[in-house]
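Peer 1: The following block contains the structure, expressed as structure tokens.
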Amino acid sequence: MSDPLATATVRLHEAGIPDPVNEARKLDALATEQGADLADLVARRITFEPFSHIAGRRAFWNHDFFVSSDVLDPRPDTETLVEVALSLPFDTVLDLGTGSGCILCSILAERPSTMGTGTDISTAALQVAQRNADATGVADRALLIESDWFAAVKGQFDLIVSNPPYITEDAYAELHPTVQRFEPRIALTPGGDGLASYRVIAAEGPKYLSPDGYAVVEIGYDQGASVQSMFRTHGWRNVACIPDLNGKDRVIRAKAPQ
Ligand code: GLN
């Protein structure tokens with residue numbers, strides 16, 4: 001008689017899933033929680049379906065967020081963006097390309113007197129974001145709208161946040177199968193040099209910001225110099241680059257032009 005946990009570990013290892021021992025334990029706990037068969041969960045995981053999709057949730061900042069293949073899976077790196085946003089004063093926040101809503105919901109939950117708008121071009125993503133707004137108790141302060149960047153946005157905000165698609169077309173082609181198969185391409189790459197979303201935010205952002213408002217955007221580790229110079233060229237003030245916990249360039253913070 002073989003031990004089901006050992007069998008699971010071997011199958012995960014043979015499929016090339018990283019850290020198979022820990023992965024098998026997590027799937028075993030999930031099988032118990034869901035009343036599912038461990039072997040069935042392992043069968044899904046060895047196709048490189050993300051653990052978060054099998055579990056239906058991903059921990060981010062202070063909450064568990066519902067995730068599916070309609071949204072970018074929240075990444076720990078993005079908590080740096082949340083941290084920078086929460087270091088700034090604001091009553092109103094705009095989250096461009098909200099996806100799962102993990103950034104917007106985390107920020108609103110931390111600041112009970114604030115309200116926010118989250119946009120996405122994908123209606124399927126907006127449904128996920130709405131579900132997360134409900135689950136995190138911020139739905140009465142979160143407006144979720146379908147919009148191609150600023151296209152349907154009205155009014156001005158004290159803070160604009162965004163984790164836009166920023167991977168270059170070439171780097172996207174090299175991504176791990178987990179990412180390509182189970183996450184939406186439009187959440188990851190705008191194509192070309194990966195900088196298209198920052199061009200829109202740097203150029204049009206000022207119209208949607210209150211005087212002295214800030215934009216806080218996530219970037220790829222090698223985009224710090226180009227994104228900072230883009231914001232400076234458009235007259236943004238106090239442009240700064242903030243590293244993530246691994247010491248890699250991760251966030252650009254900029255104050256609205258005068
Ligand atoms: N950090 C993500 C990755 O490397 C990219 C997220 C994004 O494009 N906004 O997979």
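Peer 1: Is it true that some residue in segment 235-242 is assigned to a strand (DSSP E or B), away from the ligand (no atom under 13 Å from the Cβ) and among the basic types (Lys, Arg)?
Peer 2: The answer is yes, given that some residue of segment 235-242 is assigned to a strand (DSSP E or B), away from the ligand (no atom under 13 Å from the Cβ) and among the basic types (Lys, Arg).
Peer 1: Still on this model: For LEU195, are the conditions met, namely being farther than 23 Å from PRO50 by Cβ, free of Cβ contacts under 8 Å to residues at least 40 places away in the same chain and under 20 Å from the mean Cα position of the chain (by Cα)?
Peer 2: So LEU195 passes the test.
Peer 1: Starting from segment 213-225, take each residue that is free of Cβ contacts under 8 Å to residues at least 60 places away in the same chain and list its partners that are assigned to a strand (DSSP E or B) and β-branched (Val, Ile, Thr), counting only C-beta distances under 7 angstrom and pairs at least six apart or across chains.
Peer 2: Short answer, once both residue conditions are applied: ALA215/ILE160; ILE219/VAL251; ILE219/ILE252.
Peer 1: Next question, about the same structure. Of all residues in segment 247-258, which are under 15 Å from GLY224 (Cα atoms) and of a type outside the set (D, E, K, R)?
Peer 2: Within segment 247-258, GLY247, VAL251, ILE252, ALA254 meet the criteria.
Condition check ((1) aliphatic (A, V, I, L, M); (2) at pLDDT 95 or above; (3) within 22 Å of ALA129 (Cβ to Cβ); (4) surrounded by fewer than 20 Cβ atoms within 10 Å (Cβ to Cβ)) across all residues:
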{"site": "ALA152", "(1), (2), (3), (4)": "yes, yes, yes, yes"}
{"site": "HIS176", "(1), (2), (3), (4)": "no, no, no, yes"}
{"site": "LEU188", "(1), (2), (3), (4)": "yes, yes, yes, yes"}
{"site": "GLY192", "(1), (2), (3), (4)": "no, yes, no, yes"}
{"site": "LEU195", "(1), (2), (3), (4)": "yes, yes, no, yes"}
{"site": "ALA202", "(1), (2), (3), (4)": "yes, yes, no, no"}
{"site": "LYS207", "(1), (2), (3), (4)": "no, yes, no, yes"}
{"site": "ILE252", "(1), (2), (3), (4)": "yes, yes, no, no"}
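Peer 1: Can you find a residue that is over 27 Å from LEU94 (Cα atoms) and not in a helix (DSSP H, G or I) anywhere in segment 166-174?
Peer 2: yes
Peer 1: Given the criteria under 26 Å from SER52 (Cα atoms) and either within 13 Å of the ligand (Cβ to nearest atom) or at pLDDT 95 or above (or both), does GLU183 qualify?
Peer 2: When the stated conditions are applied, GLU183 passes them.
Peer 1: Pick out, from segment 68-153, the helices (runs of 4 or more DSSP H) lying fully within it that include 2 or more residues that are free of Cβ contacts under 8 Å to residues at least 12 places away in the same chain and among the β-branched types (Val, Ile, Thr).
Peer 2: No helices (runs of 4 or more DSSP H) qualify here.
Peer 1: Still on this structure, I have one more. Of everything in segment 26-50, what is surrounded by 18 or more Cβ atoms within 10 Å (Cβ to Cβ) and either under 24 Å from LEU126 (Cβ atoms) or in contact (Cβ under 8 Å) with a residue 40 or more places away in the chain (or both)? Give them in sequence order.
Peer 2: PRO50
Peer 1: Please determine whether any residue of segment 61-68 is within 16 Å of the ligand (Cβ to nearest atom), at negative phi and touching a helix residue (DSSP H, G or I) at 6+ places or on another chain (Cβ under 9 Å).
Peer 2: yes
Peer 1: Looking at SER226 and the list (1) at pLDDT 95 or above; (2) part of a loop (DSSP other than H, G, I, E, B), which single condition is not satisfied?
Peer 2: Looking at each condition in turn, SER226 falls short on (2).
Peer 1: Here's something else I'd like to know. Hey, PHE48 hits all of (1) within 16 Å of the ligand (Cβ to nearest atom); (2) more than 27 Å from ASN246 (Cα to Cα); (3) modelled with pLDDT under 95 but one; which does it fall short on?
Peer 2: So the condition that PHE48 fails would be (2).
Peer 1: Would you confirm, using the coordinates I've provided, whether ARG11 is at negative phi, among the basic types (Lys, Arg) and surrounded by fewer than 17 Cβ atoms within 10 Å (Cβ to Cβ)?
Peer 2: Spelling it out, it is not the case that ARG11 is at negative phi, among the basic types (Lys, Arg) and surrounded by fewer than 17 Cβ atoms within 10 Å (Cβ to Cβ).
The values are calculated or read from the model by the stated rules, or taken from the named source; none is laboratory data. None of the values given here were measured: they were computed from a predicted structure. Reconstructed Cβ throughout: ideal geometry from the backbone, glycine too, with neighbour counts over all protein chains shown.
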